[in-house]
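Undergrad: The structure under discussion is supplied below as structure tokens; questions concerning it will follow.
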Amino acid sequence: MKIGFLTSGGDCQGLNAALRGVAKTLFDAVPYVEIYGIQGGYRGLIDCNWRKMEMHEFSGILREGGTILGTSRQPYKTIRDADDSSNVDRLTTMVKNYHSECLDALVILGGNGTHKTAYALSQYGINIVTLPKTIDNDLHGTDYSFGFDSAVAKATDVIDTLHSTAAAHGRVFVCELMGRKAGWVALYAGIAGGADVILLPEIPYMFESVLEVIEKRNKIGKNFSIIAIAEGAVTKDSVDQPKKRERKAGDISPGMELVRQIDEMLKQDVRLVIPGHFQRGGDPTPTDRVFCSRLGAMAGELVLKRKFGYMVALQGNSIGAIALSEVAGKLKTVPLDCEVLKQARLLGISLGE
């Protein structure tokens, strides 16, 4: 068996642990397996940038962040475009290179965009097994994605650290967390870190409601407040406005705008903290290490059974498999009837409603 490994999209904690899980399962099961590491995501498949990997290369990486294969973003909307000076589109090039290398299957680790491309490749007859990777936890078909628990731990640590300095100076801290389309990280880290307000993309908020929380806390002698806001949060006033272009580096972020508004309305020091890619970095949590190992073992089992066209997924307490056709192009946002939202409200946390 000749298997290609590929990590695509944004990096996160647990990628190496998951690669290790697949490799150990394959190496332990059959003596004749060859694993080829495809460098830099789908870009490596386009450029034939791969190498044969030995068993020892998967040792000692269980706790390492990042990815030993490297990664890149190749937007799904451009895979039908011709690459550079070539007249052949990227998807066709990937299919051609897969066959020219005589690969038996691809094991692909990635999020939403990665899975759309993986499904497109599978429709061309490529044997594919995928693993759900995204700190945003917004991949359909799995209860959780690996990297999410580690990102929440990092974000929670930031919020935890803000409490003492906020109390010391009587400040309002706005902590802008990752989550452009789904607010899972902000929701979980906000609860875990004891935030007073949590603002999510799924629930357009009213600035007046945020202001009310701060003023109420000040009146009862709690002269500081912590606000966790997802980078994709929007106000109710902006929901009906024409859709803006995608935000780029240097643009005013939702956290920056909220700080500006609070600063204008209150005679209280307000600061913005954006941990950014800090949330993606560092070692995976023990929970993610176990999760990745389980996902990797199941992915290896699917390859051995030649059961292709599936993503391994957590469903309840079990690791199962779901067809790529059920995953590709589907975003998992925080449901408005989510129990966690209900319980956050019961805890007295404002969602800006």
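Undergrad: Considering every residue within region 95-103, establish whether at least one is of a type outside the set (Lys, Arg), part of a strand (DSSP E or B) and open to solvent by less than 20 Å² (accessible area, probe 1.4 Å).
TA: Checking region 95-103: not a single residue is of a type outside the set (Lys, Arg), part of a strand (DSSP E or B) and open to solvent by less than 20 Å² (accessible area, probe 1.4 Å).
Undergrad: Moving on to the next point. Name the single residue that is farthest from Gly21 (Cα to Cα) among those in region 78-94 being in a loop (DSSP other than H, G, I, E, B) and open to solvent by less than 20 Å² (accessible area, probe 1.4 Å).
TA: The extreme case among them is Asp83.
Undergrad: Something else: What pairs come out if I take residues in region 194-206 that are on the phi > 0 side of the Ramachandran plot and pair them with residues that are among the aliphatic types (A, V, I, L, M) whose C-beta lies under 8 Å away, six or more apart or interchain?
TA: Gly194/Ile159; Gly194/Ile226
Undergrad: Exactly one of (1) open to solvent by 40 Å² or more (accessible area, probe 1.4 Å); (2) modelled with pLDDT of 95 or more; (3) part of a helix (DSSP H, G or I) is unmet by Arg306. Its number?
TA: With respect to (1) open to solvent by 40 Å² or more (accessible area, probe 1.4 Å); (2) modelled with pLDDT of 95 or more; (3) part of a helix (DSSP H, G or I), Arg306 is out only on (3).
Undergrad: Restricting to region 111-166, and then to whatever is out of contact with any strand residue (DSSP E or B) (no Cβ under 7 Å at 6 or more places or on another chain) and among the aliphatic types (A, V, I, L, M), can you tell me which residue is most open to solvent (accessible area, probe 1.4 Å)?
TA: For region 111-166, the residue satisfying everything is Ala153.
Undergrad: Does Leu351 qualify as being surrounded by fewer than 20 Cβ atoms within 10 Å (Cβ to Cβ) and either in contact with a helix residue (DSSP H, G or I) (Cβ under 8 Å, 6 or more places away or on another chain) or closer than 30 Å to Glu212 by Cβ (or both)?
TA: So Leu351 passes the test.
For every residue, the table says whether it meets (1) at pLDDT 95 or above; (2) at negative phi; (3) in contact with a Pro (Cβ under 9 Å, 6 or more places away or on another chain).
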position: Met265; (1), (2), (3): no, yes, no
position: Thr287; (1), (2), (3): yes, yes, no
position: Ala299; (1), (2), (3): yes, yes, no
position: Gln315; (1), (2), (3): no, yes, no
position: Val334; (1), (2), (3): yes, yes, yes
position: Val340; (1), (2), (3): yes, yes, no
position: Gln343; (1), (2), (3): yes, yes, no
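Undergrad: Within region 177-193, how many residues are over 17 Å from Leu346 (Cα atoms) and open to solvent by 10 Å² or more (accessible area, probe 1.4 Å)?
TA: Final tally of qualifying residues: 4.
The values are calculated or read from the model by the stated rules, or taken from the named source; none is laboratory data. Source: prediction; values computed, not measured. Here Cβ is always computed from backbone atoms with ideal geometry, including for glycine, and neighbour counts include all displayed protein chains. We work out accessible area using only protein heavy atoms, side chains counted, and drop any ligands, DNA or RNA first. Shrake-Rupley method; radii C 1.70, N 1.55, O 1.52, S 1.80 Å.
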